[in-house]
Amino acid sequence: MRLFFALEVPADLALGIADWRARALPLAGREVPAANFHITLAFIGELAEAALDTLCREVDAQIAARPAAAGQLQLDQVGYWPRPGIFWLGPQTWPDTLGGLAHKLGGLGARHGSERRRDRFQPHVTLFRHCTTPPPAPTELPQFALPYREFLLMESRQGRHGVRYAPVAGWSLGDPL
Ligand code: ATP
Ligand code: MG
């Protein structure tokens, strides 16, 4: 199974973001469906189903036992990464605790064979894939609040109509500071 850790984008917020995208941005590459909006914390990749329980127990013991604080992100900037061809929406700043969580989850994944990522963590919601030229600035600046109280382990599956994600497990975050 193909797995990654992520923050969920609540459905009403996802619709708001999709509306803003339609108003403020030209079509740039392939639109990610609103139902697929998420913020990846750490990509695990292919994991044998038999190892799933071990991975979840490790999260229980090493991460959920002393959970990072819940919080809120202000999605207030867009960005473009030419190499993967991704146009995204994300926060300009975020709590160190969220970066710490992403780092720890990446560390767990690395022990299960996923590649440790070297690039800096930038929380982002992918808006367009296969975006080959830098898109123009949005005509309306984004300003979306994304509250998060838990993180999820998601399974990614290729379906007939593209990729779909399904939650496999979730862990609560601690009281906000
Ligand atoms: P598709 O690959 O079908 O275009 P997708 O990229 O959303 O769709 P996955 O490849 O399963 O689906 O990826 C799930 C999540 O993990 C996405 O947020 C994706 O950006 C991220 N991801 C995928 N591969 C990597 C990788 N090698 N390193 C870091 N993050 C990755
Ligand atoms: Mg992919």
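The values are calculated or read from the model by the stated rules, or taken from the named source; none is laboratory data. Note that this is a predicted model, so its numbers are computed, not measured. Quick reminder, even Gly has a Cβ in these numbers, built from the backbone with ideal geometry, and neighbours come from all protein chains shown.
For region 139-149, name all the residues that are surrounded by fewer than 17 Cβ atoms within 10 Å (Cβ to Cβ) and either touching a helix residue (DSSP H, G or I) at 6+ places or on another chain (Cβ under 6 Å) or under 20 Å from PRO33 (Cα atoms) (or both).
Passing the criteria: THR139, GLU140, GLN143, ALA145.
Suppose the filter is within 16 Å of ligand 1 (Cβ to nearest atom), closer than 24 Å to LEU25 by Cβ and either modelled with pLDDT of 95 or more or not in a helix (DSSP H, G or I) (or both); does LEU146 pass it?
Criteria met by LEU146.
Take region 120-136 and flag every residue that is surrounded by fewer than 19 Cβ atoms within 10 Å (Cβ to Cβ) and more than 15 Å from ligand 2 (Cβ to nearest atom).
ARG120, PHE121, GLN122, THR132, THR133, PRO134, PRO135, PRO136
Being in contact with a helix residue (DSSP H, G or I) (Cβ under 8 Å, 6 or more places away or on another chain) and over 20 Å from ALA65 (Cα atoms) is the filter; apply it to region 163-177 and report the residue that is farthest from ligand 1 (Cβ to nearest atom).
ARG164
Test each condition in (1) surrounded by 14 or more Cβ atoms within 10 Å (Cβ to Cβ); (2) among the aliphatic types (A, V, I, L, M); (3) more than 12 Å from ligand 1 (Cβ to nearest atom) for ALA65 and report the one that comes out false.
(1)
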